[in-house]
Amino acid sequence: MSGRYALVGQPVAHSLSPRIHAAFGAQCSIAVEYGLIDVAPHGFDAAVAAFAKAGGAGLNVTLPHKEAARALCATLSERARRCGAVNTLIRGSNGWHGDNTDGAGLVHDLTERHRLDLRARKVLLLGAGGAAHGVAPALLDAGIESLWIVNRSPDRADALSDRLGEPGRVHTRYWDDLPNLGVFDMIVNATSAGRSASAMALPSSLATERTLAVDLSYGEAAIAFLSWARSQDCETALDGLGMLVEQAAEAFRLWHGQTPDTDPIYSELRAGAVALHTAE
Ligand code: ATR
């Protein structure tokens, strides 16, 4: 489908999404017009309305608008409803349809690109903000054994757990309990600690060499957590660059009806990964 597309967020200046969507478009012979809309929360609804009026057909949504995006949708996909957050908007005749491609992007990256089996894993999810909401349902659907949500503010962990509605498999614990939770098969860092000045202290009892450690950020924001994982001898410590590319591919499919090959752009971005310093 032709039309205009964009990423809306704040900040968005360093986003890789225009580059990724341009690469997908070139590969699929679709002329993609993909821009950036930098807008503060109070201007979000007006910016989206203006974009639609100007022929906007689809938006990716990033910080801090994922919940506001959900609120303005006329319809939601099942997975966006489960996440409680929207990262992809598709313009329909009745308004915006909201979806969330983050979880599918993460699981696709882990299971297809890295050939990891997520089934039966005891998983620790650090954080309960927008990023954690986006990936939690997909992790459960991928067949993990249990999800342990630990957040600095316990009420947000409880809210995410309630939303997921699987009390047999989803548990919350206080941050101070981390040293007592034993070892995990997989640890997902969904906090924004790596993007802030406040460091995140993790005990060494959480991981063994068989633990899969994943940071949903990439570049500089992922360095602290991945360094910690390597200091625990985790065999596999991955950043969120692959997830970023895969969630973009899923959005591209929703907008244009074609599934791009993600390997070329992933390799290109990975080759320059040391220069990356942001997450979206
Ligand atoms: P995002 O969309 O990236 O998830 P967010 O919704 O602002 O952004 O959520 C940020 C997450 O990182 C929250 O879970 C936050 O914990 P709180 O809910 O207690 O604020 C977490 N976080 C940020 N800095 C942290 C730090 N230094 N240590 C632990 N958790 C941190």
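Tabulated values for the structure
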| item | result |
| --- | --- |
| Tally, over segment 90-112, of residues that are surrounded by 21 or more Cβ atoms within 10 Å (Cβ to Cβ), free of Cβ contacts under 8 Å to residues at least 40 places away in the same chain and small (Gly, Ala, Ser) | 2 |
| Every residue from segment 128-161 that is among the hydroxyl-bearing types (Ser, Thr, Tyr) and either in contact with a helix residue (DSSP H, G or I) (Cβ under 6 Å, 6 or more places away or on another chain) or within 14 Å of the ligand (Cβ to nearest atom) (or both) | 153, 161 |
| Search result, residues across segment 25-77 that are part of a helix (DSSP H, G or I) and within 16 Å of the ligand (Cβ to nearest atom) | 41, 44, 66, 67, 68, 69, 70, 71 |
| Residue identified as assigned to a loop (DSSP other than H, G, I, E, B), at pLDDT 95 or above and loosely packed, with under 15 Cβ neighbours inside 10 Å among 264, 203, 260 | 203 |
| Residues (crowded, with 16+ Cβ neighbours inside 10 Å and closer than 21 Å to residue 227 by Cα) located in segment 164-180 | 178 |
| Filter result for residue 87 (surrounded by 24 or more Cβ atoms within 10 Å (Cβ to Cβ) and touching a Cys at 6+ places or on another chain (Cβ under 8 Å)) | no |
| Residue 133, sole failed condition from (1) in contact with a strand residue (DSSP E or B) (Cβ under 9 Å, 6 or more places away or on another chain); (2) open to solvent by 20 Å² or more (accessible area, probe 1.4 Å); (3) not in a loop (DSSP other than H, G, I, E, B) | (1) |
| Criterion (assigned by TED's automatic domain parsing to the domain that holds residue 205 and at negative phi) met by exactly one of 47, 128, 40, 68 | 128 |
| Verdict on residue 22 being more than 19 Å from residue 131 (Cα to Cα), assigned to a helix (DSSP H, G or I) and not charged (D, E, K, R) | yes |
| Residue among 228, 148 that is more than 19 Å from residue 84 (Cα to Cα) and open to solvent by less than 60 Å² (accessible area, probe 1.4 Å) | 228 |
| Identity of the residue in segment 184-196, open to solvent by 40 Å² or more (accessible area, probe 1.4 Å) and in contact (Cβ under 8 Å) with a residue 60 or more places away in the chain, that ends up farthest from the ligand (Cβ to nearest atom) | 185 |
| Filter result for residue 254 (surrounded by fewer than 22 Cβ atoms within 10 Å (Cβ to Cβ), away from the ligand (no atom under 13 Å from the Cβ) and either closer than 18 Å to residue 132 by Cα or modelled with pLDDT of 95 or more (or both)) | yes |
| Residue tally, condition within 20 Å of residue 100 (Cα to Cα) and touching a residue at least 24 places away in the same chain (Cβ under 8 Å), over segment 12-37 | 11 |
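The values are calculated or read from the model by the stated rules, or taken from the named source; none is laboratory data. All values reported here derive from a predicted model rather than from experimental measurement. Because the Cβ atoms are built from the backbone with ideal geometry, glycine has one as well, and the counts that use them run over all protein chains shown. Please note that ligands, DNA and RNA were not included when accessible areas were found on the heavy atoms of the full protein model with its side chains. Shrake-Rupley method; radii C 1.70, N 1.55, O 1.52, S 1.80 Å.
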